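Note sheet for the following structure.
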Amino acid sequence: MTRLRLGMAGGGEGAFIGAVHRMAAALDGDWDLVAGAFSTDGGRNTRTGEQLELDAQRVYPSLEALIAHERTLPVDERIEVLAIVTPNHLHAPMAIAALNAGFHVFCEKPMAMSVVEAEAIAAAAKASGRHFALAFTYSGYPMIEEARARIERGDLGAIRLVQVEYLQGWLSQSIDTDGNKQAEWRTDPARAGLGGCLGDIGTHAFQLAEHVSGLSVQSVSADLTTHVKGRRLDDDVSALLRFGGGARGVLKASQVAAGEENGLRLRIHGERGGLDWSQMEPNTLTLRWLDRPAEIVRTGGPGMLDATATLVRTPAGHPEGYIEAFANLYRAFASAIRGDGTDRWFPGVTDGLRTMRFIEAVIANAASDQKWTSVNPGENE
Ligand SMILES: NC(=O)c1ccc[n+]([C@@H]2O[C@H](COP(=O)([O-])OP(=O)(O)OC[C@H]3O[C@@H](n4cnc5c(N)ncnc54)[C@H](O)[C@@H]3O)[C@@H](O)[C@H]2O)c1
């Protein structure tokens with residue numbers, strides 16, 4: 001099977017997630033990175049292209065230059081997909097430009113700066129007939145699929161409780177003003193958007209809660225805090241969630257939980273039992289039951305559902321992690337573009353719009369005296 005040709009916007013020397021995308025895309029041999037506009041800094045851009053051994057003609061100073069030149073190349077040479085791994089304010093303009101130019105897009109989260117922008121991306125994807133994927137990485141873990149599929153087939157009974165927490169500590173001090181590149185734009189409303197911690201990791205927690213439970217949050221009651229003096233966006237989020245069907249949830253996301261690394265944990269309980277998964281021990285899913293001892297399902301181990309097995313690459317006991325989870329999204333996206341009929345799931349426009357509505361609902365609620373704010377369009381007017 002021929003490899004899909006990938007271009008990249010962002011992800012230059014010193015950047016975080018661009019390199020992770022490149023590793024994930026490389027894992028299964030579905031993709032070739034052939035072009036990029038990696039950085040607005042000319043030196044970094046050139047050096048990144050050299051390190052990746054790209055044709056210098058296809059290392060562009062900007063996305064505009066990339067699109068203009070790639071479109072002149074023969075159809076079987078030009079990029080087919082653009083990965084967008086820049087700070088948030090560029091997601092919508094870049095995604096819309098790429099979709100309108102006929103390229104599929106694999107975009108970083110959060111989808112955009114606002115619901116309005118996210119809707120514009122959704123409209124561009126629809127009009128162009130191109131595919132749009134969103135990097136909600138954690139939903140690519142095998143044990144997340146195991147949890148989702150078990151809930152869907154009714155193992156836990158009707159869902160009552162959803163608890164999701166995402167605790168990081170790396171913004172506990174004012175490193176945003178001390179030259180930390182990743183912290184600097186994440187705390188700038190012009191580049192991060194309306195939410196700080198809320199947009200950066202609250203969105204991951206929200207997407208995972210809805211994706212795994214199979215339920216939609218109807219309304220939120222929230223508290224947003226900025227603990228670090230002088231910081232311009234929230235660094236700490238607490239939200240109560242009311243799901244359709246009556247389930248109740250709690251979402252806690254913080255980037256000032258001093259000492260925490262990447263503590264994403266999801267617990268869901270139904271009428272008959274519950275499940276428990278932690279991102280830093282991603283190969284274990286614990287199931288607890290009302291009427292029998294707890295069970296542990298392990299990545300690659302016995303008892304996994306068929307759907308989960310398709311996401312596992314190594315035998316049990318050979319730990320899989322973040323890159324493999326990310327690679328599952330790239331593999332699913334490749335399948336969709338090729339139309340190979342495997343119908344693998346990947347997060348996209350729907351997850352993006354839901355999470356943008358969540359951001360806006362939390363901000364509106366936290367700023368008001370209203371007890372509950374709807375996450376659904378048109379319900380608060
Ligand atoms: N899915 C995940 O788990 C995950 C994890 C980390 C970051 N992210 C998301 O990825 C995105 C990038 O985050 P990061 O931590 O890698 O940031 P970063 O600051 O490390 O990297 C951003 C890169 O974009 C480049 N860039 C900026 N403007 C550009 C432009 N106009 N044209 C081309 N390149 C440009 C910068 O030079 C840099 O190389 C953000 O949207 C973030 O929310 C997602």
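The values are calculated or read from the model by the stated rules, or taken from the named source; none is laboratory data. What you see is a predicted model, and the numbers here were worked out from it, not measured in a lab. Cβ coordinates were reconstructed from backbone atoms using ideal geometry, including for glycine residues, and neighbour counts include every protein chain displayed. The protein model used for the area step is the full one, side chains on, heavy atoms only, and it has no ligands, DNA or RNA in it. Shrake-Rupley method; radii C 1.70, N 1.55, O 1.52, S 1.80 Å.
Brief remarks follow.
- Within the listed set VAL162, VAL115, VAL75, the Gaussian network model of the chain (springs between alpha-carbon atoms below 10 Å) gives the highest mean-square fluctuation for VAL75.
- Computed E for ALA26/ARG288 - FRET, C-beta separation, R0 45 angstrom, nearest 0.05: 0.75
- √(5λ) per eigenvalue of the Cα gyration tensor, region 197-343, largest first, Å: 29, 21, 17
- Cβ-Cβ FRET estimate between GLU295 and ASN100, R0 fixed at 56 Å, reported to 0.05: 0.70
- Calculated over the chain: convex hull of Cα atoms, volume per residue (Å³): 144 Å³
- Taking the longest Cα principal axis of the chain as reference, the axis of helix 17-26 is set at about 80 degrees.
- Treating each Cα of region 38-168 as one equal point scatterer and applying the Debye formula with no solvent, the log10 of I(q)/I(0) at q = 0.22 Å⁻¹ comes out as -1.29.
- Whole-angstrom Cα spans of region 336-381 along principal axes, big to small: 51, 16, 12
- Whole-angstrom gap from region 89-168 to region 223-259, using each part's C-alpha centre: 20 Å
- Neighbour-limited loop hits for GluC sites (Glu not before Pro), region 230-275 (at most 15 other Cβ within 10 Å; DSSP other than H, G, I, E, B): GLU261, GLU271
- Only protein atoms count toward the accessible area here, which uses a 1.4 Å probe; on the chain, the carbon and sulfur part of that area reaches 51 percent.
- Multiplying each eigenvalue of the alpha-carbon gyration tensor of region 73-138 by 5 and taking the square root yields semi-axes of 20, 13, 10 Å, largest first, rounded to whole angstroms.
- Kirkwood radius, region 1-101, all distinct C-alpha pairs, inverse of mean reciprocal distance: 13.4 Å.
- Over region 87-185, accessible surface divided per residue gives 36 Å², non-protein components excluded, 1.4 Å probe.
- Quick note on region 259-381: its Rg to Rh ratio, both from C-alpha atoms and Rh being the Kirkwood radius, is 1.05.
- The mean accessible area for residues of region 270-381, using a 1.4 Å probe and ignoring ligands and nucleic acids, is 49 Å² per residue.
- Within the shell of other residues whose beta carbon sits under 10 angstrom from the beta carbon of LEU233, the net charge comes to -2, with Lys and Arg scored +1 and Asp and Glu -1.
- At q = 0.31 Å⁻¹ the log10 of I(q)/I(0) for region 151-202 amounts to -1.22, computed by Debye summation with a single uniform scatterer per C-alpha, solvent ignored.
- Theoretical gain in end-to-end length, SER368 to LEU73 [0.36 nm per residue, Cα-Cα removed]: 100.9 nm
- Length-normalised contact order for the chain - Cα pairs under 8 Å, 6+ apart - percent: 18 percent
- Ellipsoid equivalent to region 275-341 - semi-axes via the Cα gyration tensor, in Å: 26, 14, 11
- Per-residue SASA remark: LYS181, around 100 Å² accessible (1.4 Å probe; ligands, DNA and RNA not included).
- Cα radius of gyration and Dmax for region 177-278 (Å): 15.1, 50
- Computed label-point distance, nm, for sites THR177 and GLU53 using a 7 Å Cα→Cβ extension: 4.6 nm
- Computed from the Kirkwood radius of its Cα pairs, the Stokes-Einstein diffusion coefficient for region 103-204 at 4 °C and 1.567 mPa s stands at 78 µm²/s.
- Region 340-381 residues near the modelled ASP223 label - backbone nitrogen below 12 Å, point 7 Å along Cα→Cβ: none
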